[in-house]
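What follows is a set of notes on a single structure, which appears directly below.
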Amino acid sequence: MPDETGLVEILHALIYHKEFRDEFIASGPESASLPLTPAQRTALTAVDLDELSRTTSRIQSMILRGHVDRHGGLRASFPKTLALLAGQGLKDADLCARFLASPYFDRFREIPYGDKGLSLEECFYEFLCAGPCDIGADARFLATHELFKALISHVRAGSLATFDIRTELFRSNGSAWFGILEHDAAVCRALAVEPACDGTVLYAIGGMGLVIGQVPGWMGRVLLLPEISSQALEDVASDEGLESSLLHDAALRLMKLGLLPAKGQAVAPGGGAPAP
């Protein structure tokens with residue numbers, strides 16, 4: 001429940017904080033459990049409880065099913081994650097209610113042309129992994145896989161005009177946005193995740209389109225080099241115990257795929273990828 005604060009914040013809590021709303025509906029604004037001033041208690045007697053319930057139901061439905069800021073909703077973005085968690089007793093409606101009441105949801109911006117926040121998917125992913133839920137390793141892997149696919153879709157659609165990507169898991173090197181995820185073939189097969197392989201998988205979107213596939217473990221270092229130069233590539237090769245020619249060939253392939261800037265071109269830190 002919120003601390004004693006302004007009426008606008010109290011109304012926000014009524015809509016988004018289930019425990020606060022449930023107490024208000026059960027006991028009214030006079031409830032001693034609600035941190036309200038006398039003036040706020042008087043003002044809140046005008047709240048229509050039926051309309052409050054309908055409003056919160058509509059919001060939760062939109063978050064789960066879509067039509068929020070033209071996005072598809074959590075069920076569309078995290079279908080396998082939510083199904084796995086439901087099998088563990090964490091129903092999506094309960095997760096959604098807890099998400100709405102969390103500070104992670106506050107970082108989401110559903111009003112176009114307002115201050116930039118985060119996408120619904122990134123906020124929900126942070127809630128799952130750092131919030132009150134103990135989701136386990138398989139669900140975390142699945143959520144990361146589905147987050148990457150959702151963020152790739154946003155980059156492809158040009159949605160970064162509306163919100164930012166701030167997670168350290170999915171980065172920009174000025175030419176592409178990409179994430180690296182370690183796959184376990186047995187886990188992938190059990191969860192119906194492709195590619196079902198053992199090793200490092202690259203999820204990327206750049207000027208030439210989408211790339212998802214298994215790569216060497218050192219590929220992330222090449223993608224994040226501050227400048228694509230012979231010396232930089234040779235330094236990575238030396239650190240990894242590889243022939244420098246292997247790194248040069250890999251860099252050339254990444255450039256052709258639109259995932260690296262041209263050789264000798266400095267990378268713009270935090271720069272967005274061009275629209276495919």
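Check the stretch 163-171 and report whether any residue there is buried (at least 21 other Cβ atoms within 10 Å of the Cβ) and among the aromatic types (Phe, Trp, Tyr). Yes, the conditions are met somewhere in the stretch 163-171.
With respect to the conditions (1) modelled with pLDDT under 90; (2) touching a Pro at 6+ places or on another chain (Cβ under 8 Å), Val8 lacks only one, and its number is (2). Would a scan of the stretch 202-215 turn up a residue that is touching a Gly at 6+ places or on another chain (Cβ under 7 Å), among the hydrophobic types (A, V, I, L, M, F, W, C), modelled with pLDDT of 95 or more and not in a loop (DSSP other than H, G, I, E, B)? Yes, the stretch 202-215 contains a residue that is touching a Gly at 6+ places or on another chain (Cβ under 7 Å), among the hydrophobic types (A, V, I, L, M, F, W, C), modelled with pLDDT of 95 or more and not in a loop (DSSP other than H, G, I, E, B). If we keep just the residues of the stretch 90-145 that are touching a strand residue (DSSP E or B) at 6+ places or on another chain (Cβ under 7 Å) and charged (D, E, K, R), which is farthest from Ser77 (Cα to Cα)? The selected residue is Lys116. The residues of the stretch 186-221 that are in contact with a Pro (Cβ under 9 Å, 6 or more places away or on another chain) and of a type outside the set (S, T, N, Q), listed by number, are Cys188, Gly199, Val201, Ile205, Gly206, Gly207, Met208, Gly209, Leu210, Ile212, Gly213. Looking at Ala196 and the list (1) modelled with pLDDT of 95 or more; (2) crowded, with 18+ Cβ neighbours inside 10 Å, which single condition is not satisfied? Condition not satisfied by Ala196: (2).
A count restricted to the stretch 68-90 and to residues that are modelled with pLDDT of 95 or more and not in a helix (DSSP H, G or I) stands at 1. Tallying residues that are under 18 Å from Leu100 (Cβ atoms) and not small (Gly, Ala, Ser) within the stretch 6-46 yields 17. Scanning for something under 17 Å from Arg109 (Cα atoms), at pLDDT below 95 and part of a loop (DSSP other than H, G, I, E, B), does the stretch 52-67 turn up at least one residue? Looking through the stretch 52-67, at least one residue is under 17 Å from Arg109 (Cα atoms), at pLDDT below 95 and part of a loop (DSSP other than H, G, I, E, B).
Among the criteria (1) in a loop (DSSP other than H, G, I, E, B); (2) farther than 26 Å from Leu11 by Cβ; (3) not basic (Lys, Arg), the one Asp115 does not fulfil is (2).
Applying the condition of being in a helix (DSSP H, G or I), of a type in the set (Asp, Glu) and surrounded by fewer than 15 Cβ atoms within 10 Å (Cβ to Cβ) to the stretch 8-40 and asking which residue is farthest from the chain's Cα centre (by Cα) yields Asp22.
Could you check, for the stretch 79-94, whether at least one of its residues is surrounded by 14 or more Cβ atoms within 10 Å (Cβ to Cβ) and touching a Phe, Trp or Tyr at 6+ places or on another chain (Cβ under 8 Å)? Looking for residues that are surrounded by 14 or more Cβ atoms within 10 Å (Cβ to Cβ) and touching a Phe, Trp or Tyr at 6+ places or on another chain (Cβ under 8 Å), one finds none in the stretch 79-94, hence no.
The values are calculated or read from the model by the stated rules, or taken from the named source; none is laboratory data. Being a predicted model, the structure only gives us computed values, none of them experimental. Backbone-built Cβ (ideal geometry, glycine too); neighbour counts: all protein chains shown.
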